[in-house]
């Protein structure tokens, strides 16, 4: 079941697999929240902790895990680039020059990015309309 514990474990697995070299300088909180059609996740700094929010619709089993994994990894790239984290900010803008996807490709996430893009194009709106209520 995709609950809070499952999501926290996902974050830890992805951190250890792809981001272990990145210093974790504050507490990172991850939660399912919201039912957005076009926003899969976001990251913000609140009371010195970094909060990562993942679309609540992703709790549904119709959403493939690679979509969730890619969303979490995307937000962690923002963290490592110093956006909404205590790390030094590396770029002026968080998506400047497609830096997030370039970083994910460097970390071996290229096939997941392709899978995610294809799945979103072919399935997301249909699945969204099915599970949104």
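Here, each number is a calculation from the coordinates, and none is a lab measurement. No experiment lies behind these values; they were computed from the predicted model shown. Cβ: placed from backbone, ideal geometry, glycine included. Neighbour counts: every protein chain shown.
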(message) Can you tell me the orientation of helix 110-119 relative to the chain, as the angle in degrees between its alpha-carbon axis and the longest Cα principal axis, to the nearest 10?
(response) 30 degrees
(request) At 0.36 nm per residue, minus the direct Cα-Cα distance, what do residue 89 and residue 16 gain on full extension? Give it in nm, one decimal, please. (result) 24.1 nm
(message) Using only Cα atoms and rounding to the nearest 10 degrees, what angle (0 to 90) does helix 65-80 make with the longest principal axis of the chain?
(response) 20 degrees
(message) Can you give me the C-alpha center-to-center distance between the range 100-128 and the range 7-67, rounded to a whole angstrom?
(response) 16 Å
(request) Provide the FRET efficiency to the nearest 0.05 for the residue 56-residue 114 pair, computing r from the beta carbons and using R0 = 30 Å. (result) 0.75
(request) Starting from the Cα of residue 121, step 7 Å along the direction of its Cβ; do the same at residue 33; then give the gap between the two resulting points in nm. (result) 3.3 nm
(message) If each DSSP helix of 4+ residues adds -39,500 (n - 2.57) and the sum is divided by the residues in the chain, what number results at 222 nm, nearest 500 deg cm²/dmol?
(response) -13000 deg cm²/dmol
